[in-house]
1. Which residues does the label zone of residue 12 cover in region 34-68, counting backbone N under 12 Å from a point 7 Å along Cα→Cβ?
2. Quick check of the Kirkwood formula: for the chain, what is the inverse mean of 1/r over all pairs of different Cα atoms, in Å?
3. What is the distance, in nm, between label points placed 7 Å from the Cα along the Cα-to-Cβ direction at residue 30 and at residue 55?
4. Please give the charge dipole size of the chain, origin at the Cα centre, charges +1 on K and R Cβ atoms and -1 on D and E Cβ atoms. Round to the nearest 20 debye.
5. Cross-chain or 8 or more residues apart, Cα under 18 Å: how many lysine pairs in the chain fit that? Count them up, please.
6. May I ask for the net charge around residue 27, where only other residues with Cβ less than 11 Å from the Cβ of residue 27 are counted and Lys, Arg are +1 while Asp, Glu are -1?
7. Summing -39500 (n - 2.57) over the DSSP H runs of n ≥ 4 in the chain and dividing by its residue number, what mean residue ellipticity at 222 nm do you reach, to the nearest 500 deg cm²/dmol?
8. For residue 3 and residue 48, FRET efficiency with R0 = 25 Å and r from the beta-carbon atoms, rounded to 0.05?
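Nothing in this text is a laboratory measurement; each read-out follows from the coordinates by a stated rule. The structure displayed is predicted, hence computed values, not measured ones. All Cβ positions, even for glycine, are placed from backbone atoms using ideal geometry, and neighbour counts span all protein chains on display.
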Amino acid sequence: MATITKDIKIQELVEKYPEAVPVMLEAGLHCIGCMAAQFETFGQGCEAHGIDADKLVEKINVLIGDKE
């Protein structure tokens, strides 16, 4: 089963798991096309936008786990 952590780069997450994009957008994390997505971690992006990274990681892991 695939899992992600807060340490994954945003761009890497989007490339590996495009199905996570709608979940990210719904949560208010619109960093998908941002230049910072290349070097910023998922956790850093969530923190910058006041989003609970742990809850969002859990939600995405359930989503990608269901797909595999």
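1. So the set is 38-43.
2. 11.6 Å
3. Distance between label points: 2.0 nm.
4. Here the chain has a charge dipole of around 60 debye.
5. Values: 6/16; 6/55; 6/59; 9/55; 9/59; 16/59; 16/67; 59/67.
Lysine pair count for the chain: 8.
6. Values: positive: 55, 59; negative: 26, 52.
So the environment of residue 27 carries a net charge of 0.
7. -15000 deg cm²/dmol
8. Here the calculated transfer efficiency is 0.65.
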